[in-house]
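The values are calculated or read from the model by the stated rules, or taken from the named source; none is laboratory data. Just so we're clear, the structure is a prediction, and the values are computed from it rather than from any experiment. Cβ placement follows ideal geometry from the backbone for every residue including glycine, while neighbour counts extend to all protein chains displayed. For the accessible areas, the whole protein counts, side chains as well, though only heavy atoms, and no ligand, DNA or RNA atoms are used. Shrake-Rupley method; radii C 1.70, N 1.55, O 1.52, S 1.80 Å.
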Amino acid sequence: MRVLVLSDIHANLAALDAVLADAEQFNWETVWCLGDTVSYGPEPNQCVTQIQLLGATAVVGNHDWAALGHMDIDKFNPEARRAVIWTRAQLSAESMTWLRNLPGQPLVRDAFTLTHGSPRNPVWEYVLYPATARANFDHFATPFCLVGHTHVPALYIWQKQVSSVRALSPAIDKALPLEDGWRVIMNPGSVGQPRDNDPRAAYAVLDTATRTWLSRRVAYPIEITQAHMRAVGLPERLINRLSFGW
Ligand code: ZN
């Protein structure tokens, strides 16, 4: 099965549309969405609707939770807090219902565990280093785990013969075979707010039959998202960062 793997869309419809157009060539059969569909960007309801229409299997992210009012937003920085408060006021009853029904615990699909942050702390933990990845391999039973949350595409590979975990920045457009004997934590990067100094939208295509992972980047009209953000008064810092991917 070919899976379109999306994460951290963050209410950026122009980025999501560009990703979906680019991904058509891969004839994907299903969509996995790793959370943070809303907040930061200007189109929360449209992004929720699109993900619903795709019939995606989705998990909840920390921003989704915050927008629902499920957590104390004092943990967020001031701009993120403003974005969450704005998002909360925009969400339709339908979007709220969809977000509320997203699972907060990891989902298992075949050989893959799906979560937003990490398997041991699904909503909050960032898997940014091999040591964090290593600790998390004890918290899921499948060979592979898909995470989002960091907004940085990455693979953390644990070979059973070797005790250490190595990090790999996936090459764009080069299908990586997930070899027998590997356990891997993989992150497709962020559709709507990349943070690896590449402003293009990030996503991945996973083939569960041939066991390959393909990382993709796609340019989108950033200025459209920025104009919509400015029109609704979202923080300037959040608008600017999209140009640079940080
Ligand atoms: Zn996020």
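Does Ser118 meet the test of being out of contact with any Pro (no Cβ under 7 Å at 6 or more places or on another chain), away from the ligand (no atom under 16 Å from the Cβ) and in a loop (DSSP other than H, G, I, E, B)?
Working: out of contact with any Pro (no Cβ under 7 Å at 6 or more places or on another chain): yes; away from the ligand (no atom under 16 Å from the Cβ): no; in a loop (DSSP other than H, G, I, E, B): yes.
Judged against the criteria, Ser118 is not a match.
Looking at the stretch 74-87, is at least one residue small (Gly, Ala, Ser) and open to solvent by 40 Å² or more (accessible area, probe 1.4 Å)? I'd like the intermediate steps shown before the answer.
Within the stretch 74-87, the first condition is being small (Gly, Ala, Ser), and the residues that meet it are 80, 83.
Filter once more, keeping what is open to solvent by 40 Å² or more (accessible area, probe 1.4 Å): none.
Among the residues of the stretch 74-87, not one is small (Gly, Ala, Ser) and open to solvent by 40 Å² or more (accessible area, probe 1.4 Å), which makes the answer no.
Taking the criterion of being open to solvent by 20 Å² or more (accessible area, probe 1.4 Å) and under 15 Å from Val232 (Cβ atoms), would at least one residue in the stretch 59-70 satisfy it? Spell out how you get there, then give the answer.
Residues of the stretch 59-70 open to solvent by 20 Å² or more (accessible area, probe 1.4 Å): 65, 68-70.
From what is left, the residues that are under 15 Å from Val232 (Cβ atoms) are none.
No, because not a single residue in the stretch 59-70 is open to solvent by 20 Å² or more (accessible area, probe 1.4 Å) and under 15 Å from Val232 (Cβ atoms).
Within the stretch 82-91, is there a residue that is free of Cβ contacts under 8 Å to residues at least 40 places away in the same chain, among the hydrophobic types (A, V, I, L, M, F, W, C), away from the ligand (no atom under 16 Å from the Cβ) and in contact with a Lys or Arg (Cβ under 9 Å, 6 or more places away or on another chain)?
Taking the stretch 82-91 and keeping what is free of Cβ contacts under 8 Å to residues at least 40 places away in the same chain, we get 85, 88-89.
Imposing the further condition that a residue be among the hydrophobic types (A, V, I, L, M, F, W, C) reduces the set to 85, 89.
Restricting the remaining residues to those that are away from the ligand (no atom under 16 Å from the Cβ) gives 85, 89.
After this cut, where a residue has to be in contact with a Lys or Arg (Cβ under 9 Å, 6 or more places away or on another chain) as well, the list is none.
Within the stretch 82-91 (the criterion being free of Cβ contacts under 8 Å to residues at least 40 places away in the same chain, among the hydrophobic types (A, V, I, L, M, F, W, C), away from the ligand (no atom under 16 Å from the Cβ) and in contact with a Lys or Arg (Cβ under 9 Å, 6 or more places away or on another chain)), the answer is no, since none of the residues qualifies.
So which residues in the stretch 209-220 are touching a residue at least 60 places away in the same chain (Cβ under 8 Å) and assigned to a strand (DSSP E or B)?
Leu214, Ser215, Arg216, Val218
Taking Asp36 as meeting all but one of (1) more than 12 Å from the ligand (Cβ to nearest atom); (2) closer than 20 Å to His149 by Cβ, write down the number of the exception.
Tallying (1) more than 12 Å from the ligand (Cβ to nearest atom); (2) closer than 20 Å to His149 by Cβ, Asp36 fails exactly one: (1).
Kindly establish whether Leu206 is more than 17 Å from Asn12 (Cα to Cα) and either part of a loop (DSSP other than H, G, I, E, B) or modelled with pLDDT of 95 or more (or both). Steps first, answer last, please.
Details: more than 17 Å from Asn12 (Cα to Cα): yes; either part of a loop (DSSP other than H, G, I, E, B) or modelled with pLDDT of 95 or more (or both): yes.
Answer is yes for this residue.
Open to solvent by less than 20 Å² (accessible area, probe 1.4 Å), hydrophobic (A, V, I, L, M, F, W, C) and in contact (Cβ under 8 Å) with a residue 60 or more places away in the chain: does that describe Ala111? Can you show your working first?
Details: open to solvent by less than 20 Å² (accessible area, probe 1.4 Å): yes; hydrophobic (A, V, I, L, M, F, W, C): yes; in contact (Cβ under 8 Å) with a residue 60 or more places away in the chain: yes.
So Ala111 passes the test.
Just to verify a result, which residue in the stretch 1-22, among those that are open to solvent by 10 Å² or more (accessible area, probe 1.4 Å), of a type in the set (D, E, K, R) and under 18 Å from Pro199 (Cβ atoms), is nearest to the ligand (Cβ to nearest atom)? Talk me through it step by step, then tell me what you get.
Taking the stretch 1-22 first, the residues open to solvent by 10 Å² or more (accessible area, probe 1.4 Å) are 1-2, 13-14, 17-18, 20-22.
In the following step, the residues that additionally are of a type in the set (D, E, K, R) were identified as 2, 17, 22.
Okay, now just the ones that are also under 18 Å from Pro199 (Cβ atoms), so 17, 22.
On the way: Asp17: 19, Asp22: 21 Å.
Step by step, filter the stretch 1-22, then rank; the result is Asp17.
How about the stretch 214-240: which of its residues are of a type outside the set (S, T, N, Q), buried (at least 22 other Cβ atoms within 10 Å of the Cβ) and either modelled with pLDDT under 95 or over 27 Å from Ile85 (Cβ atoms) (or both)?
Arg216
Tell me which residues, restricted to the stretch 138-177, are within 16 Å of the ligand (Cβ to nearest atom), farther than 19 Å from Arg200 by Cβ and β-branched (Val, Ile, Thr).
Val147
Of everything in the stretch 23-58, what is open to solvent by 30 Å² or more (accessible area, probe 1.4 Å), charged (D, E, K, R) and either under 11 Å from the mean Cα position of the chain (by Cα) or over 19 Å from Thr113 (Cα atoms) (or both)? Give them in sequence order.
Hit for the stretch 23-58 is Glu24, nothing else.
Across the stretch 160-191, which residue is most open to solvent (accessible area, probe 1.4 Å) among those that are within 23 Å of Phe244 (Cα to Cα) and of a type in the set (S, T, N, Q)?
Ser169
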